[in-house]
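Q: Sharing a structure, written as C-alpha cells. Questions coming.
All of the numbers you see were taken from the coordinates with simple rules; none came from a lab. All figures in this text were calculated on a predicted structure; none of them were measured in a lab. A quick note on method: Cβ atoms are made from the backbone with ideal geometry, for glycine too, and the neighbour counts reach across all protein chains shown.
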Amino acid sequence: MLLKQQLTFALKHHVRAMIPLAKGHGFRSIASFFTVTPHHDTRRWMSISVSGSKDMTRATALVYASYGRPAEVLKVLRHTLEPPADDSVQVQFLAVPINPADINQVEGVYPLKPPMTTQLYSSSSSSFASTSPPVSSSSSSSTDSDAKPPVAVGGNEGVAKVTKVGAKVGHLFKVGDWVVMGSAGLGTWRSHGNFKAQDVTKVRSVEKMNEGGDSLDLDVVQLATLTVNPCTAYRMLRDFRTLSPGDFIIQNGANSGVGEAVIQLAKPLNVKTISIIRNRPGHEEVAERLRQLGTTHILTDDQLGKLETKELVKSWTQNNEIKLGFNCVGGKPTTEMARLLSKNGHLVTYGAMSRQPLILPASLQLFKNVHASGFWLTAWNDQHSREERQEMINHVLDIMKRDQFIGINCTRNQWSVMSSDAVLEGRLLEAVKKASSSGHGKQVFVME
C-alpha cells in the first residue's frame, strides 16, 4: 500500500522519467528512490523531480551562458515551467532542427542574438545536467537565480503541440493545435516552452482534425523544417524576378536545405533548375538524390569557369533565360556562376558558407545588367505582417499536401527526457557536432 501511495504521489508530480534513473542508481523502485538513506547523493535529482504543483511542467532545454564553440558552451538544463501567461500558450515540442544560423548564434557571430535571461531558474527545481554541481533543493528561488548565469535557449525553428492556453488567447488556439515559430530567436531546443500567441503560427487545427476537415498528414520532421528552408526558397523564387514556365535558375549549395527546397518548389512552376554541388567523394549519390527531387541539370563546382561548361549550359537552356542565381557559398565559384546568368539576371545571396567575399565583376553589371541582392528571411518576417507570414506558410503547406514537396534530407536524433543527464547531453551535443561539420546533412532533434 505504501509503495502504491508513493508511486501515485510521484506520477501526480510528473516524475515518471525518474523510474529508469532510480533503477540506474541501484534502487529497486521509484519508492525506494525517494526513501534513500543519507549516504546516497540524490540532491541533483531531487532538485528537478518534484514541481510542487500539478500546474507546473517539467522540461529540458539545451542552453548556453556564453558564446563559443557549441560543444564547449552548450549544456542541458532541467527546469520547471509555470503555466502560460494570459496572452501566451505552453507547447510541447515534437521536433526541432539544427540550422547553420543556430550554430552561428551559439558562436556569437550571427546578427540576431537571443536575450540571455534567468527566467528558467524561476523554480528551485532548475539545475544544469551532468557537468554542473547539484543544486540544493533547500535553496531559495532568488538565491538560486543569483547564483546562476543568464542563459539563452538554442534553436530558431521547430514544430510543437499546444498543451496549455492562456486566458486571453483561447479564441486563437486550442489544446492539441500544432504550431511553428512565427519569429526567430525564441529558442526551440527544448522539450517545452511558453510563448506569446503572436510568436507562434498554427499549422494544424485540432478542431478541424476532430471534424475530419484537416487532412494534413505530414511527418513531424517535414513540419519542423517548414519555416526556414522552404520559406526562404519560396520567397526567393517569387520576390526578385517574375518567372515563367521554361525559365531557368542556377544555384550553388544545391544539396543544402534551401537548395533542395528550391528544386522542389520550382518544379510545380515548370521552372528548370541547374544545381551546382561540390566535387568530393560521394557527389554521385548527392547528384542522384537531387535528380530524384526534380533538378533539371547538375554541375560540379570545378566545372565552373570553363569554356566547355558555358557551351554546355547554352545547349541546356536553348533560348530560355537563366533569370535567377541563388548563392549560399560566396568566393570565386559564385563569381563564375554569376557569369552564366542571362542579361538582366539577378543574383540572390542568402548564405556565405565559404566565408569568402563575393565579387561581381563590373562587366556583368555594365554589359549584362546583372543585379545582386541579399535575402534574410528573418528580416522579411520582421517587415511583414503576421497574416502575410501565415499566407506564405499556408502556400508551402498546400504544396506539401499535394505531394509536390517531399521534404529535406534529415537525420533524426532522439531527445528523450527519460534518458539520464549524461546520455541526453552526450546525444544532443553529438548531433550539434555533426550539424557543425560538412558531410553529415541536416540534423533534427525528435522528442520522444
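Q: Can you sort H346, H395 so the residue with the fewest Cβ neighbours within 10 Å comes first? List each step's numbers first, then the result.
A: On the way: H346 21, H395 15.
Least to most surrounded, the residues fall as H395, H346.
Q: How many angstrom separate the Cα center of region 230-280 from the Cα center of region 339-354?
A: When both Cα centres are located, 12 Å separates them.
Q: Would you work out if region 229-378 is rounded, prolate or oblate? Take a ≥ b ≥ c from the square roots of the eigenvalues of the alpha-carbon gyration tensor; rounded if a/c is under 1.5, else prolate when a/b is larger than b/c, oblate otherwise. List each step's numbers first, then the result.
A: Values: a/c = 1.15, a/b = 1.09, b/c = 1.05.
Because its axes are fairly even, with a/c under 1.5, region 229-378 counts as rounded.
Q: In what sequence, highest mean first, do 174-185, 315-326, 258-269 appear when ranked by Cβ atoms within 10 angstrom?
A: Working: 174-185: 20.0, 315-326: 17.8, 258-269: 22.8.
So the order, starting with the most tightly packed, is 258-269, 174-185, 315-326.
Q: Quick check for me: using +1 on Lys/Arg Cβ and -1 on Asp/Glu Cβ, what's the dipole size of region 250-374 about its Cα centre, in debye to the nearest 20?
A: Numbers: 15 positive and 10 negative charges, 60 e Å.
The dipole of region 250-374 has a size of about 300 debye.
Q: Another question, if that's okay. Give me the net charge for the shell around P114: Cβ to Cβ below 14 angstrom, other residues only, Lys and Arg +1, Asp and Glu -1. Walk me through the numbers before you get to the answer.
A: Details: positive: K113, R190; negative: D102, E107, E157, D199.
Every neighbour counted, the sum reads -2.
Q: Then there's this: For region 413-427 and region 175-206, what is the centre-to-centre distance using only Cα atoms, to the nearest Å?
A: Centre-to-centre distance over Cα atoms comes out at 23 Å.
Q: List the pairs from K332/K368; K202/K442; K323/K401; K75/K168; K272/K401 whose alpha-carbon separation is above 26 Å, in the order I gave them.
A: K323/K401; K75/K168
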